[in-house]
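Only one structure is covered here, and it is reproduced in the block below.
The values are calculated or read from the model by the stated rules, or taken from the named source; none is laboratory data. Keep in mind that this is a model prediction, so the values were computed, not measured. Using ideal geometry, Cβ is built from the backbone for each residue, glycine included, and neighbour counts are taken over all protein chains shown. These area figures cover heavy atoms from the full protein model, side chains too; ligands, DNA and RNA do not enter into them. Shrake-Rupley method; radii C 1.70, N 1.55, O 1.52, S 1.80 Å.
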Amino acid sequence: MDLPRSVTIREGDLRILNPFTSEKLATLGQAVHLRAGMSLLDLASGRGELLCTWARDHGVSGTGVDISTVSTDAARARALSLGVADRVTFVHGDAAGYVAEKPVDVACCIGATWIGNGVPGTLELLERSLRPGGMLLVGEPYWRIDPPDEETVRACYARTKDEFRSLPGLVGLFRDSGWDLVEMVLASQDSWDRYAAAHWLNLRTWLDANPDDELVGELRQELTDDPLRYVRYVREHLGWGVFALMRR
């Protein structure tokens, strides 16, 4: 159980595996009023930057679950480097269906709602680990601009236009599912740039160092195509944000 090797090559040494900067992650932690002693669960926790930096900065504790062995190892190393390994634990496993042994104060899924087959299912999954009165944090793309055609939809990682919603549509979904939106921090085009462009440098660095690898053809084509696809479609049409929710 793991991610394809191409994913870890593309991600390289990134610590945040979505279009958030470290500054925006810090802003989110401050905005939701984290306090020492609070417990967190982070499903699809990636390289653990959320849990590790929030444990350092706010004194929280928590568990992260991720299917990638590379990410899980990186998260554990990050916890050691920040001196928080006694407060955060990282589990290699499938986050889909994972429920905390004890209810937590904050349950998170930052940009991986496929673990619940979409936003509604992910809200239901996270709530299974949440104490009464606790908070969910959900990261999700949304349409900044209505996509004009199927080419744009596919270039923005969606199979159909309805796979993502507009920002009002997403906020309406939270409301209709019985949740109050109590905070949000949105990615900017600049933070999208930092995330997308870092992949290109990671790919080029790897290609230069591994000219005979079996993945060269696939990743060479990706590096050729992805920058233009990003600036033509993704940068203008697709937004992304993290939304803090409390049960009504």
DSSP-loop trypsin sites (Lys or Arg not before Pro) across the range 62-113, with at most 12 other Cβ within 10 angstrom = none
Residues in the range 152-186, backbone N under 17 Å from the label point at GLU124 (7 Å along the Cα-to-beta-carbon vector): list them, ranges by number please.
-> 173-179
With every protein chain present, what is the per residue accessible area of the chain (1.4 Å probe, Å²)?
-> 48
Given charges at beta-carbon only (K, R positive; D, E negative), |dipole| of the chain in Debye | 760
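Okay, helix-only estimate at 222 nm for the chain: each DSSP H run of n ≥ 4 adds -39500 (n - 2.57), divide by all residues, round to 500 deg cm²/dmol; what do you get?
On the way: 9 runs with 100 residues, N = 248.
After summing the helix terms and dividing by residue count, I get -12000 deg cm²/dmol.
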Under 5 Å, built H, 5+ apart or other chain: amide partners of PHE90 = GLY64
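Percent of accessible area on the chain owned by carbon and sulfur, 1.4 Å probe?
51
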Determine the gain in length on full extension of the stretch ASN210-LEU80; use 0.36 nm per residue of separation and subtract their C-alpha separation, reporting nm with one decimal.
-> 43.8 nm
